[in-house]
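Read the structure below first, then the notes.
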Amino acid sequence: MKRVTTSPLALASTADLTTAVEEARDAVGASFEHFCLMAGLASLTQMLEEDAMTLAGAPHARAADKPGYRWGRTRGRVGFHGGKVEMERPRVRSKTTGKELALPSWKEAAEAGWLEQWAMSLMLMNVA
């Protein structure tokens, strides 16, 4: 017995095809934007962990040669596509003053909209 393999869109009107193409394009665009966001957050998370390692050493370790110690985690917001995205980051405190030490990657990301710039660059590379 033969099966029909013709897509309903192959028999659709031009208006239906145009709508289907626009919906597919929107879905791809949203998927790509989501990919950019997730890749950017993963990269930033790794950079923050490296900053914390440099300032305080490994989690739960006593690093006498480091200027700080880990002090849990906190949530913060970084810019992405004109909005803000919340993410978790490590905290480090100074051994001498007890004040929180700024993580260089976090400071740069929060002030300069690094995630937004990175995502835009990635989109432009793929569009060109």
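I need the full set of residues from segment 94-111 which are out of contact with any helix residue (DSSP H, G or I) (no Cβ under 8 Å at 6 or more places or on another chain) and charged (D, E, K, R), in order please.
Narrowing segment 94-111 to residues out of contact with any helix residue (DSSP H, G or I) (no Cβ under 8 Å at 6 or more places or on another chain): 94-100, 102, 107, 110-111.
Lys95, Lys99, Glu100, Lys107, Glu111 - these are the residues of segment 94-111 that are out of contact with any helix residue (DSSP H, G or I) (no Cβ under 8 Å at 6 or more places or on another chain) and charged (D, E, K, R).
Identify all residues within segment 60-74 that are more than 23 Å from the chain's Cα centre (by Cα) and more than 14 Å from Gly98 (Cα to Cα); write none if there are none.
Of everything in segment 60-74, those that are more than 23 Å from the chain's Cα centre (by Cα) and more than 14 Å from Gly98 (Cα to Cα) turn out to be His60, Ala61, Arg62, Ala63, Ala64, Asp65.
Can you name the residue in segment 45-97 that is part of a strand (DSSP E or B) and basic (Lys, Arg) and, of all such residues, is modelled with the lowest pLDDT?
Keep residues of segment 45-97 that are part of a strand (DSSP E or B), which gives 68-80, 83-94.
Add one more test, that the residue is basic (Lys, Arg), and what stays is 70, 73, 75, 77, 84, 89, 91, 93.
Numbers: Arg70: 95, Arg73: 96, Arg75: 95, Arg77: 88, Lys84: 81, Arg89: 95, Arg91: 96, Arg93: 96.
In this case the residue turns out to be Lys84.
Please go through segment 1-17 and pick out each residue that is assigned to a helix (DSSP H, G or I) and either at pLDDT 85 or above or among the small types (Gly, Ala, Ser) (or both). Can you show your working first?
Of the residues in segment 1-17, the ones assigned to a helix (DSSP H, G or I) are 8-11, 14-17.
Answer for segment 1-17, where residues must be assigned to a helix (DSSP H, G or I) and either at pLDDT 85 or above or among the small types (Gly, Ala, Ser) (or both): Ala10, Ala15.
Does Ala20 meet the test of being modelled with pLDDT of 95 or more and either under 30 Å from Leu124 (Cβ atoms) or surrounded by 10 or more Cβ atoms within 10 Å (Cβ to Cβ) (or both)? Step through it out loud before you land on a result.
Working: modelled with pLDDT of 95 or more: no; either under 30 Å from Leu124 (Cβ atoms) or surrounded by 10 or more Cβ atoms within 10 Å (Cβ to Cβ) (or both): yes.
In short, no.
Consider segment 70-101. How many of its residues are in contact with a strand residue (DSSP E or B) (Cβ under 7 Å, 6 or more places away or on another chain), exposed (fewer than 10 other Cβ atoms within 10 Å of the Cβ) and farther than 18 Å from Gly57 by Cβ? Break it down stepwise before answering.
Filtering segment 70-101 for residues in contact with a strand residue (DSSP E or B) (Cβ under 7 Å, 6 or more places away or on another chain) gives 70-78, 84-95, 99-101.
Adding the requirement that they be exposed (fewer than 10 other Cβ atoms within 10 Å of the Cβ) leaves 72, 75, 86, 99.
Next, only the ones that are farther than 18 Å from Gly57 by Cβ stay: 75, 86, 99.
Total meeting the criteria: 3.
Can you pull out every residue in segment 41-99 that is within 12 Å of Ala109 (Cβ to Cβ) and of a type in the set (Val, Ile, Thr)?
Those that are within 12 Å of Ala109 (Cβ to Cβ) and of a type in the set (Val, Ile, Thr): Thr45, Val78, Val85.
Return the residues of segment 89-107 that are under 22 Å from Leu41 (Cα atoms) and either in contact with a Lys or Arg (Cβ under 8 Å, 6 or more places away or on another chain) or polar (S, T, N, Q) (or both); say none if nothing qualifies.
First pass over segment 89-107, keeping only residues under 22 Å from Leu41 (Cα atoms): 89-92, 101-107.
Arg89, Pro90, Arg91, Val92, Leu101, Leu103, Ser105, Trp106, listed by residue number.
The values are calculated or read from the model by the stated rules, or taken from the named source; none is laboratory data. From a predicted model like this one, the values you see are computed outputs, not experimental measurements. Every residue, glycine among them, receives a Cβ derived from its backbone with ideal geometry; neighbour counts consider all protein chains shown.
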